[in-house]
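The values are calculated or read from the model by the stated rules, or taken from the named source; none is laboratory data. Source: prediction; values computed, not measured. No Cβ is skipped: glycine too gets one built from the backbone with ideal geometry, and neighbour counts run over all protein chains shown.
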Amino acid sequence: MANTAYRAHVRGRGWISIREEARRQIVDLMNYSPSLKCYLPELVAGAWMWACEDAAHDAPDVSFSQACPWDYETFMERAFLPADPKIS
């Protein structure tokens, strides 16, 4: 999501499918191991760090925030799509 927050044009059908599958896997994991919920802040922070590193390859001119700008509940909503800060 880090990349698509800054590059709205990459939000094709394939990306939406990948996003939905990732959400399903996260929900399944949380259902399988509910004790992980207490680690969500650390897990999200780590995932954000890796996502920004990956997104930097496609958007080297963009400076990503050090902390994930969305909370878990927000980015897990089915309808959630990050806004492009260069547009909004």
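Restricting attention to segment 48-86, the residues being without any contact (Cβ under 8 Å) to a residue 40 or more places away in the chain and of a type in the set (D, E) number 5. Residues that are out of contact with any Ser or Thr (no Cβ under 9 Å at 6 or more places or on another chain) and among the aromatic types (F, W, Y) were ranked within segment 32-88; the one that is nearest to R19 (Cα to Cα) is F75. Listed by position, the helices (runs of 4 or more DSSP H) enclosed by the chain that each have at least 3 residues that are at pLDDT 90 or above are 13-32, 40-58, 72-75.
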